[in-house]
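The values are calculated or read from the model by the stated rules, or taken from the named source; none is laboratory data. All values reported here derive from a predicted model rather than from experimental measurement. Glycine also receives a Cβ, built like all others from the backbone with ideal geometry; neighbour counts cover every protein chain displayed. Keep in mind that these areas ignore ligands, DNA and RNA; they rest on the heavy atoms of the full protein, side chains included. Shrake-Rupley method; radii C 1.70, N 1.55, O 1.52, S 1.80 Å.
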Amino acid sequence: MTDQQALLATTTSAVRAIIDEKVAELVAAGTARPKVGLVPTMGALHDGHGALFEQARAENDLVIASIFVNPLQFDQPEDYEHYPRDLEADLELVTEYGGDIVFAPSTQHMYPGFPDAPHIRVSAGQMGQMFEGASRPGHFDGVCTVVAKLWNILMPPPPAVFRSYFGRKDAQQLAIVTRMAKDLNIDVKIRPVELVRAPSGLALSSRNVRLDDHGMEKALGLSKALHFLSDQATRGEPLDISAARDMIRAHEDVDLDYLEIVDPDTLTPLTEEQLAAPLEREALALVAAWVPPVRLIDNMLLSP
Ligand code: PAF
């Protein structure tokens, strides 16, 4: 299902009717288990989203995009107010990226009675309070609440299978939504989409444009430190996290927020003993640092 303008729905009943109809058409045309992929977004689409859609398009019969600026995940009201919104441009991009359906509800449709609602929200627990969550209280609870609602609204009827796409760039978000699906028995398969790096190693981010040449060079400390740890892991050596931290701090105006190696399923930091022994299973290195004038995050899976 491509080459057509993506269909826009702004209400739950309208989007469900479209999904039901498309799934029935696929079944009638002989697809025993239609595959439906969801790319949840907050709009303001750019090429960074392209990779999510590309993978979703390649792996599914039907691709849904949700566009909703979720007030629950902003800790600063002014960030929420100033968040860019351009539904027309986003619709065109979803069509260009091969999406079939766009679900773009209003705030009142998603949260009737907002800001006094929703009364019941999902808690990301401990996993939402560390790392990025430490400086953004409530952010991951807001992400979990909206993602759970989107899954409930957009989950296709049987015999279709449902997949939801998240970038590895936001490793903590990916770990948390994966855990939520598991802990709450939600029948959705999480599909991670690889992080894209520049040839220099720098993780692509819309913030990179604010770095001058000197800033770019300093920013490279993050990916160099991650590669250093990844090489140690592959060689079965102890993971020298202090040396990796020093690589990032090599430039004096770079302010390292955190560099930790964690369990990818729970985000619990590895103990000193685990770091000193060869890795037994995959681990995740997470880093965030201020490289003036921007705050950058990056991460890498470390394989034994
Ligand atoms: O990653 C995002 O853009 C948002 O956190 C998400 C997953 C769309 C939820 O609002």
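Odds and ends about this structure:
- From phi via Karplus (6.51, -1.76, 1.60), per-residue ³J(HN,Hα) for the stretch 120-133 in Hz, x at Gly/Pro: 9, 10, 8, 9, 7, x, 4, 5, x, 9, 9, 6, 4, x
- Close amide H pairs (under 5 Å, H built 1.01 Å from N) link Leu7 with Ile101, Val102, residues at least 5 positions away or on another chain.
- R0 of 35 Å, Cβ-Cβ distance Lys182-His109: FRET efficiency to nearest 0.05: 0.80
- Looking at the chain, the accessible area is 49 square angstrom per residue; that uses a 1.4 Å probe and ignores ligands, DNA and RNA.
- Full extension of the segment from Arg136 to Arg210, taken as 0.36 nm per residue of separation minus the current Cα-Cα distance, would add 24.4 nm.
- Annotation note: trypsin sites (Lys or Arg not before Pro) in the stretch 248-304 located in DSSP loop regions with a Cβ neighbour count of at most 16 within 10 Å are Arg249, Arg281.
- Links that overshoot a 23 Å alpha carbon limit, given the list Lys22/Lys189; Lys182/Lys224; Lys169/Lys189: Lys182/Lys224
- Sum of side-chain charges, Gly215 neighbourhood, beta-carbon under 14 Å (Lys, Arg +1; Asp, Glu -1): -2
- For the chain, adding -39500 (n - 2.57) for each run of n ≥ 4 DSSP H residues and dividing by the number of residues yields -11500 deg cm²/dmol at 222 nm.
- A Förster radius of 22 Å, combined with the Cβ-Cβ distance separating Ala117 from Asp79, puts the computed FRET efficiency at roughly 0.55.
- These residues, Ser200, Ser223, go from largest to smallest accessible area, 1.4 Å probe, as Ser200, Ser223.
- Within straight-line cross-link reach of Lys218, aspartates and glutamates at Cα separation under 13 Å, skipping those fewer than 8 residues along the same chain: Asp246, Glu252, Asp253, Asp255
- Along each principal axis, Cα extent of the stretch 145-304, largest first, Å: 55, 40, 25
- Put simply, the amide H of Ile190, placed in the peptide plane, has neighbours under 5 Å in Ser164, leaving out anything fewer than 5 places away on its chain.
- The stretch 259-273 and the stretch 50-93 have Cα centres spaced 30 Å apart.
- Under the Karplus curve 6.51 cos²θ - 1.76 cosθ + 1.60, θ = phi - 60°, whole-Hz ³J(HN,Hα) for the stretch 14-25, x wherever Gly or Pro sits: 5, 5, 5, 4, 5, 4, 4, 5, 5, 5, 4, 4
- Sites Arg281 and Asp47, calculated FRET efficiency, Cβ-Cβ separation with R0 25 Å, nearest 0.05: 0.15
- Dipole magnitude (debye, nearest 20) for the chain, charges at Cβ of Lys, Arg, Asp, Glu: 720
- Carbon + sulfur, % of accessible area of the stretch 156-304 - ligands and nucleic acids excluded, 1.4 Å: 51
- Of Gly50, Gly142, Gly98, the one that fluctuates the most in a GNM where the chain has Cα springs shorter than 10 Å: Gly50
- Within the accessible surface of the stretch 59-101, defined with a 1.4 Å probe on protein heavy atoms only, the carbon and sulfur portion equals 47 percent.
- Given the chain, longest segment not containing exposed loop GluC sites (Glu not before Pro) (DSSP; at most 15 other Cβ within 10 Å): 1-193
- More than 34 angstrom apart: percent of Cα pairs within the chain: 26
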